[in-house]
Structures are given as structure tokens and as C-alpha cells.
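Asker: Mind having a look at this structure? Questions to follow.
The values are calculated or read from the model by the stated rules, or taken from the named source; none is laboratory data. Keep in mind it's a predicted model, so treat the numbers as computed, not measured. As a convention, Cβ positions derive from the backbone with ideal geometry for all residues, glycine included, and neighbour counts pool all protein chains shown. Each accessible area value is taken on the protein alone, full model and side chains, heavy atoms only, with ligands, DNA and RNA left out. Shrake-Rupley method; radii C 1.70, N 1.55, O 1.52, S 1.80 Å.
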4 protein chains.
Amino acid sequence: MTHIRSMIDTYPKDLGDLELTKLAQCISACFECAQTCTACADACLAEDMVADLAKCIRTNLDCADICAATGNVLSRRTGFDPNVTRALLEACRAACKSCGDECEQHAGMHDHCQVCAEACRRCEKACADLMTSLA
Amino acid sequence: MTHIRSMIDTYPKDLGDLELTKLAQCISACFECAQTCTACADACLAEDMVADLAKCIRTNLDCADICAATGNVLSRRTGFDPNVTRALLEACRAACKSCGDECEQHAGMHDHCQVCAEACRRCEKACADLMTSLA
Amino acid sequence: MTHIRSMIDTYPKDLGDLELTKLAQCISACFECAQTCTACADACLAEDMVADLAKCIRTNLDCADICAATGNVLSRRTGFDPNVTRALLEACRAACKSCGDECEQHAGMHDHCQVCAEACRRCEKACADLMTSLA
Amino acid sequence: MTHIRSMIDTYPKDLGDLELTKLAQCISACFECAQTCTACADACLAEDMVADLAKCIRTNLDCADICAATGNVLSRRTGFDPNVTRALLEACRAACKSCGDECEQHAGMHDHCQVCAEACRRCEKACADLMTSLA
């Protein structure tokens, strides 16, 4: 996460009164969750019981797309739009909750779903925390 | 848009009672808007007055990321989650409204902003229409 | 594809001696292929025999990611870098060939793989054509 | 990078003879570079001299797209295709070199370009190292 914080700290203009630690944590959680969901979808594909994991794979793929978009939007400070940011954080929180719930159901059987559920929970919480600070 | 509809029509399972024409139109509008916003950000970068277009470029980049993620999520039918879909459509509608409003301000001066504002309005409306059909 | 051409035609600076029709066709083919591959991965997930389609799904997901990145890069004209563009077109051509080969093997059994194989072949050819014009 | 390694270690099938430390380092470098380039494009947009940074912004945006796609492809192990992977690593290496070269020119004046140049160099090297191990 060092580079995320370095890029925030070298931004040339005023960053407003956003809580920068929460911002950096949320960006980090979004990209961590995106990568983990992409890898979890792939690990599910390699399971013998893949037919039982179709919904899990789909939820992983959605969560990866939404977390990556959210991480990108949060990485931009110029011309910040709180309405778009808030709506996207809400969508990201919903996707992480949905994927965390799904992966948790398989966490006892598949270690990759356990790791993924934890990344989803962290990102769900980071989005909720940042939304509070935006309000 | 032919290929979007072909992929919907060859999906192997029941698609539920979703309005498939609205779905296909929204997927098409999302990817059209994503590409147009990516190109509009680049065209703004090439303008002599780029310093006045910084907010427009940022809004374009956000809109492109959110529309692409929304187009991907809508392209999946397996294990459909109406909560995640609805929250993402709301974020996409907000991003398209924000970008359409911004580009419209420069539409008289920059033809690419005129084309982009139209793509944003189409996508904003397509998201709103699909949300109604999801309710 | 109208909007792709409109954005090329409203670009404010000189576009060099690139063949613009080939460029527009390649951008269009990239986004068409990305969407089709995303939908094909999802349709494969919904097949009863999904266990036999794991490699197809993975190839779809890679092809979607690479085509989307290529479509974005080709949509930018400012500060054009022929080396990066050529290397990416080569990667995109390889991904489309790999995915077209894979989907063709299932095209007789799964209509979505037939549609997807066609989108991959169009994009493979469009990348090859544009590379010739870059040389 | 902990989660990247955890997902590799919980993958349910044999991973072949790929050097897993190099793989994890390259995935990590790709996503770090993608985020840094996204933030650097935004920081450049906020500079008073943005007109002089148009090429830098474009190079950042391309590098971000290509690194994100490469990070995704490398995060998948099922049905691994060395040809596609190698071609994409080559494109990613070229994009990182181009962006590192560009950002280095502004590194004395803009701290964000200094941070970004370092992320690009790390990713350029990680792609080259992984290609050697794929050969």
C-alpha cells in the first residue's frame, strides 16, 4: 500500500478534508479484493465440483469488475464528484457483501474461498467506512 | 448490437422475466458510452485549452470505468443478483449524468464533447429504463 | 460503430497517416469480442457440462481482458506510441486466435461458442490488418 | 502482496513448474503499476502545466490498462496458455518502459512522476524476469 499513499501525498493540489488514511485503505482493499476475486474464480474453475460453484464464479467476476472500477475512481482526486463516488461505493459494498456471503458458504471446503471471503469483508468494511467520511 | 442479442439468445438456461430488449439496449449503451468517454478524454487532452478541461477528462475517465464494469456485469446471467445489479445501475446512471452535464457545457466548442454528451444521455436513460424493469 | 468513427472524426489534431477505417474496425472488433467473450464465459458457466468447459471459460476471460485493454489503447490518439500499440495488437491477436480455436471446438454443441468463435476470428483479423498498416 | 501468494498457494490443482515467487512478484508489480499510473494521470491533470503533460497522461492511461489486464491474466492458472501470456508480458514490458521513460523526464519537477517511474521500472523488470522463466 506504500505506493497508494505516496501517490496521495504527491498530489499537487489541495485534497480537501477527506480522511486520507481511510481513502488509502479503501483503494488498497478494492484492488486486493479485485485480484483475489479474479484468482478465486479461477481456482473454482479448477475444482472437480465446479458445477456447484457456478454462482460463486459469477459473483467473483462481478466483484472483481466493480472493485477494480471503484479502486480506479478513488485513485483520482481532480474534479472529485461526491455523488458518483458515493453511489459507486454503495455498489462496491453490495458486491463485496454478496461475494463474501457466497464464498463463506464454501470456505470450509475451499481454502481459496476462505481467503477471498476475508478480502471481500475487508473491502465491504472499507467502503462503508469511507462512505461515512464522505457524508 | 447484433452480437449482444445473439449472446442473450444463445444463453442455455432460462433468463427469467427480465425484459431482454431493455437489457440488450443497456449493455450496448454502456459499452458505447465507455468507448466514447475514453476517446473524449483523449480528444480533450489534445485541445490547446486542455487546462480548462481537467474536470471533463476526469469525469470521462470515471464514466468509462463505471460503464465498462456495468456492461460486463449486465452481460452475465448466471446467478443473477438484483441487489448488486441495481446498485451498479444507479452508480452508472449517476456517472453518465455527471459526464453528460459536464460534456454538454463544452459541446458548443468541442464536437467530441457533443458526441460524448449524447452517448452519456443514452446510457443514463438506458440504465434508468432497466432499473424500472428490475423493480 | 457510428460513435467510434464520430470520435475519430472529431479528434482535434492531425491523426497522421494511419488508415482510419482499419483503426475504427479494429476498435469495434475489440469491444465486440470483449463483450462476446464475457457473455460466452457466463453461458459456459450455465452449461450442465461446465466441468468440460473450464479451459474455454479461462480463455474467454483472458480474451475479454486483453480485447478491452486493446480497444481502450486504440481509442487514444494523443502521444501515439507505435511500439506499445504493435506489441499489444500482437498479444490481442494471439488471445483471439487462442479463444477462437478453443470456442470452435465446442461450436457444434454450444451456439454461444459459435457466436464467440466468429467474434474472435473477426478481431484476430482486424488486429492483423491494423498491424500491417502500422508497419 | 500476501493475498496474491495466498491465492497461489490455495489453488487446487498442480501449478506446473512455473517459478511461483516470480509469478507473485509480477502480479503484484502489475497492479501496483496500474494504480500508480491511474493516480499519476490524475495528478498530471491537476498540474498548472498540464498542457505539457498530455503525452505523459496518455502513456499513463495506456500503461494502467495494459498492466491491469496483465495482472488479471497472470492471476489465472487454469488452462494456462504460454503463447498468450508471453505476448501480453511483452506488451506490458513495452508499456512500462514507455511510461517509465516518459515519467522520468518529469521526475525532477513532479514527485508523482518520480513515484510512477519507479513503479514502471519494477513492473518492466518483473515482466522481463517472468518471461525468462516462461521460456
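Asker: Six or more apart or on different chains, Cβ atoms under 7 Å: show the pairs whose first residue is in the range B:93-120 and in contact (Cβ under 8 Å) with a residue 40 or more places away in the chain and whose second is part of a helix (DSSP H, G or I) and among the acidic types (Asp, Glu).
Answerer: Between residues of the range B:93-120 that are in contact (Cβ under 8 Å) with a residue 40 or more places away in the chain and residues that are part of a helix (DSSP H, G or I) and among the acidic types (Asp, Glu), the close pairs are B:96/B:124; B:119/B:32.
Asker: Next question, about the same structure. Would you be able to tell me the number of residues in the range A:72-92 that are within 7 Å of another protein chain (Cβ to nearest Cβ), surrounded by 24 or more Cβ atoms within 10 Å (Cβ to Cβ) and in a helix (DSSP H, G or I)?
Answerer: 4
Asker: In the range A:43-92, what count of residues is obtained for those that are of a type in the set (Asp, Glu) and touching a residue at least 60 places away in the same chain (Cβ under 8 Å)? Don't jump to the end; show me each part of the working.
Answerer: Residues of the range A:43-92 that are of a type in the set (Asp, Glu), as a first pass: A:47-48, A:52, A:62, A:65, A:81, A:90.
Still in the list and also touching a residue at least 60 places away in the same chain (Cβ under 8 Å): A:47.
Number satisfying all stated conditions: 1.
Asker: Of all residues in the range D:1-10 being in a helix (DSSP H, G or I) and open to solvent by 50 Å² or more (accessible area, probe 1.4 Å), which is modelled with the lowest pLDDT? It would help to see each step written out before you state the result.
Answerer: Pass one, the range D:1-10, residues in a helix (DSSP H, G or I): D:2-9.
Those left that are additionally open to solvent by 50 Å² or more (accessible area, probe 1.4 Å): D:2, D:5, D:9.
Values: D:2: 89, D:5: 96, D:9: 95.
Filtering the range D:1-10 for residues that are in a helix (DSSP H, G or I) and open to solvent by 50 Å² or more (accessible area, probe 1.4 Å), the one modelled with the lowest pLDDT comes out as D:2.
Asker: Condition test on residue D:44, is it more than 12 Å from the chain's Cα centre (by Cα), buried (at least 24 other Cβ atoms within 10 Å of the Cβ) and farther than 22 Å from residue C:88 by Cα?
Answerer: Values: more than 12 Å from the chain's Cα centre (by Cα): yes; buried (at least 24 other Cβ atoms within 10 Å of the Cβ): yes; farther than 22 Å from residue C:88 by Cα: yes.
So residue D:44 passes the test.
Asker: Out of contact with any Lys or Arg (no Cβ under 8 Å at 6 or more places or on another chain), among the hydrophobic types (A, V, I, L, M, F, W, C), more than 30 Å from residue B:13 (Cβ to Cβ) and open to solvent by less than 30 Å² (accessible area, probe 1.4 Å): does that describe residue B:95? Lay out the reasoning, then the answer.
Answerer: On the way: out of contact with any Lys or Arg (no Cβ under 8 Å at 6 or more places or on another chain): yes; among the hydrophobic types (A, V, I, L, M, F, W, C): yes; more than 30 Å from residue B:13 (Cβ to Cβ): yes; open to solvent by less than 30 Å² (accessible area, probe 1.4 Å): yes.
Yes: the conditions hold for residue B:95.
Asker: Which of the residues spanning the range A:11-38 are over 12 Å from the mean Cα position of the chain (by Cα), hydrophobic (A, V, I, L, M, F, W, C) and in a helix (DSSP H, G or I)? Reasoning before the result, please.
Answerer: The first filter runs over the range A:11-38 and keeps only residues over 12 Å from the mean Cα position of the chain (by Cα), leaving A:11-24.
Add one more test, that the residue is hydrophobic (A, V, I, L, M, F, W, C), and what stays is A:15, A:18, A:20, A:23-24.
A:20, A:23, A:24, listed by residue number.
Asker: Right, next: List every residue pair whose Cβ atoms lie under 6 Å apart, where the two residues are 6 or more positions apart in sequence or sit on different chains, the first residue falls within the range B:19-42 and is more than 9 Å from every other protein chain (Cβ to nearest Cβ), and the second residue, located anywhere, is open to solvent by 10 Å² or more (accessible area, probe 1.4 Å) and of a type in the set (Asp, Glu).
Answerer: So the pair list comes out as B:22/B:129.
Asker: Hey, among the residues in the range A:47-58 that are within 11 Å of chain B (Cβ to nearest Cβ) and either hydrophobic (A, V, I, L, M, F, W, C) or outside any helix (DSSP H, G or I) (or both), which one's surrounded by the fewest Cβ atoms within 10 Å (Cβ to Cβ)?
Answerer: Of all residues in the range A:47-58, those within 11 Å of chain B (Cβ to nearest Cβ) come to A:53-58.
In the following step, the residues that additionally are either hydrophobic (A, V, I, L, M, F, W, C) or outside any helix (DSSP H, G or I) (or both) were identified as A:53-54, A:56-57.
Values: A:53: 25, A:54: 20, A:56: 23, A:57: 28.
Result: A:54.
Asker: Going by the conditions given, is residue C:129 touching a residue at least 12 places away in the same chain (Cβ under 8 Å) and over 20 Å from residue D:89 (Cα atoms)?
Answerer: yes
Asker: Residue check: is residue C:93 more than 10 Å from the chain's Cα centre (by Cα) and modelled with pLDDT of 95 or more? So that I can check it myself, show each step before the final result.
Answerer: Working: more than 10 Å from the chain's Cα centre (by Cα): no; modelled with pLDDT of 95 or more: yes.
So residue C:93 does not fit the description; no.
Asker: Output the residue which, of all residues in the range B:59-71 that are closer than 20 Å to residue A:99 by Cα and facing another protein chain (nearest Cβ under 8 Å), is most open to solvent (accessible area, probe 1.4 Å).
Answerer: So the first thing to find is which residues in the range B:59-71 are closer than 20 Å to residue A:99 by Cα, and the list is B:66, B:68-71.
From what is left, the residues that are facing another protein chain (nearest Cβ under 8 Å) are B:66, B:68-69, B:71.
Numbers: B:66: 1, B:68: 34, B:69: 5, B:71: 0 Å².
So, considering only residues that are closer than 20 Å to residue A:99 by Cα and facing another protein chain (nearest Cβ under 8 Å), the one most open to solvent (accessible area, probe 1.4 Å) is B:68.
Asker: Do you know which residues across the range D:22-41 are among the hydroxyl-bearing types (Ser, Thr, Tyr) and crowded, with 24+ Cβ neighbours inside 10 Å? If you could, list the steps in order and put the result at the bottom.
Answerer: The first filter runs over the range D:22-41 and keeps only residues among the hydroxyl-bearing types (Ser, Thr, Tyr), leaving D:28, D:36, D:38.
Selection gives D:36, D:38.
Asker: In the range B:101-125, how many residues are away from chain C (no Cβ under 14 Å) and either open to solvent by less than 70 Å² (accessible area, probe 1.4 Å) or among the hydrophobic types (A, V, I, L, M, F, W, C) (or both)? Don't jump to the end; show me each part of the working.
Answerer: The initial filter retains those residues of the range B:101-125 that are away from chain C (no Cβ under 14 Å), namely B:101-102, B:104-105, B:124-125.
Add one more test, that the residue is either open to solvent by less than 70 Å² (accessible area, probe 1.4 Å) or among the hydrophobic types (A, V, I, L, M, F, W, C) (or both), and what stays is B:101-102, B:124.
The total comes to 3.
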